[in-house]
Amino acid sequence: MVSVGHPLNPRSPRPNRIVLLTDFGEQDGYVGIMKGVIAQTAPNCPVIDLSHRIPPQDIGAGRFCLANAYRYFPQGSIFVAVVDPGVGSDRRSIAVEFAQGYFVGPDNGLISGILENSPARRAIHLTNRHYWRVPQPSFTFHGRDIFASVAAHLAQGVPLTDLGEAFPVEDLVTFPLQAVTVISGVYQGIIEGCIQYIDHFGNLISNISSDLLTNMCGSVSFKGRHIQINQRYDQVAKGEAIALGGSHGWLEIAINQGHAQQQFAAQVGDELTVYFDKL
């Protein structure tokens, strides 16, 4: 028998709704097709759209959105995430149980952000074709032919272990954030990080946790500019840059009523440095 990394939990969350996240956009009908597949098997299961505007093939953006959102859904939610540049390859299709619910999708690191705070209990390689929409799926649309169908069966009460072969949770593919460097002296310190995500408003969300900013004052150096760390947008004038801890728990750079990505010509991966005085 294959070890799954964690003992079975008698209080496993009961599947109760499906949450969709994709990079499919909204004009081509791909999301609606997935919902149609779900409805054929689980017509009474609620389906919630988290986002379908993840930039194409951007695993890091999908990772961020899942990690930022999962805790706000009821226990037992099934997160179907399809940002899958490896579709049709030999990458695994998986279902994972974690404390809050389930993940169904490609094994490419999308779930990494969730698992940093809610470790996996069981991981299943989706090899049982009985629960796929068709035995021979498309090489380009596993969201329709595998993931939507499997999630619907899971929502209908099919046991996780019936969906395929268990494998150690330690073997799940990871998509780690770039490391943050903290250099701390007695009175002053430096934190070096980078931009991990850019949201709809153009806010530049870093990989530096807001927790690291507690009990300090200082500024952020980014693209040759120094930006004061504050707590609220209205602490700077309209059109001015501000650095603050966002609702997601990360330090972000924003423009009050403006678009930081455009003003800084920024992109994911750009480096920033926090200089702070200890209080």
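The values are calculated or read from the model by the stated rules, or taken from the named source; none is laboratory data. Keep in mind the model is a prediction, meaning the values are calculated, not measured. No Cβ is skipped: glycine too gets one built from the backbone with ideal geometry, and neighbour counts run over all protein chains shown. The protein model used for the area step is the full one, side chains on, heavy atoms only, and it has no ligands, DNA or RNA in it. Shrake-Rupley method; radii C 1.70, N 1.55, O 1.52, S 1.80 Å.
Among rounded, prolate and oblate, which fits segment 39-85 when a ≥ b ≥ c are the square roots of the eigenvalues of its C-alpha gyration tensor, a/c under 1.5 means rounded, and a/b larger than b/c means prolate? Oblate shape, in that a/c is at least 1.5 and b/c is the bigger or equal ratio. Subtracting the Cα-Cα distance of GLN75 and ASP58 from 0.36 nm times their residue separation leaves 3.4 nm of extension gain. Here's the picture: a label point sits 7 Å out from the Cα of ASN44 along the beta-carbon direction, and within segment 128-166 the residues with their amide nitrogen under 13 Å of it are 156-157. For segment 162-203, the Kirkwood estimate of hydrodynamic radius, built from reciprocal distances between every pair of different alpha carbons, is 14.9 Å. Placing unit charges on the Cβ atoms of the charged side chains and taking the dipole of the chain about its Cα centre, the candidate lying farthest along the positive direction among SER149, PHE139, LEU126 is SER149.
Report note on the peptides 173-180, 199-206: ranked by the mean count of other C-beta atoms within 10 Å, highest first, their order is 199-206, 173-180.
In this simple spin-label model, placing a label point 7 Å from the Cα along the Cα-to-Cβ direction at both SER247 and GLN228 gives a separation of 2.5 nm. Within segment 116-203, the GluC sites (Glu not before Pro) that combine a DSSP coil assignment with at most 16 other C-beta atoms in a 10 angstrom radius are GLU116.
Here, the chain yields an orientationally averaged convex hull projection of 16.6 nm² when only Cα atoms define the hull. Atom-type composition of the exposed protein surface of segment 59-147 places 50 percent of the accessible area on carbon and sulfur (1.4 angstrom probe).
Note that segment 197-214 has calculated 3J(HN,Hα) couplings of 7, 10, 8, 4, 7, x, 5, 9, 9, 8, 9, 9, 5, 4, 4, 6, 9, 5 Hz, one per residue in order, obtained from phi through the Karplus relation 6.51 cos²θ - 1.76 cosθ + 1.60 (θ = phi - 60°); glycine and proline are x. Filter the chymotrypsin sites (Phe, Trp or Tyr not before Pro) in segment 109-175 down to the DSSP loop ones having no more than 16 other Cβ atoms within 10 Å, then list what survives. Here the sparse-neighbourhood loop sites are PHE139. Taking the average, over residues, of other Cβ atoms within 10 Å as the packing measure, peptides 48-54, 120-126 rank 120-126, 48-54 from highest down. Based on alpha carbons, the Rg and Dmax found for segment 172-279 are 13.4, 46 Å. Could you tell me whether segment 78-193 comes out rounded, prolate or oblate from its Cα gyration tensor? Rule is a ≥ b ≥ c as square roots of the eigenvalues, rounded for a/c under 1.5, then prolate if a/b exceeds b/c, otherwise oblate. Prolate.
Once label points are set 7 Å from the Cα along Cα→Cβ at both ASN117 and ALA237, what is their separation, rounded to one decimal in nm? Rounded to a tenth, the inter-label distance reads 3.7 nm.
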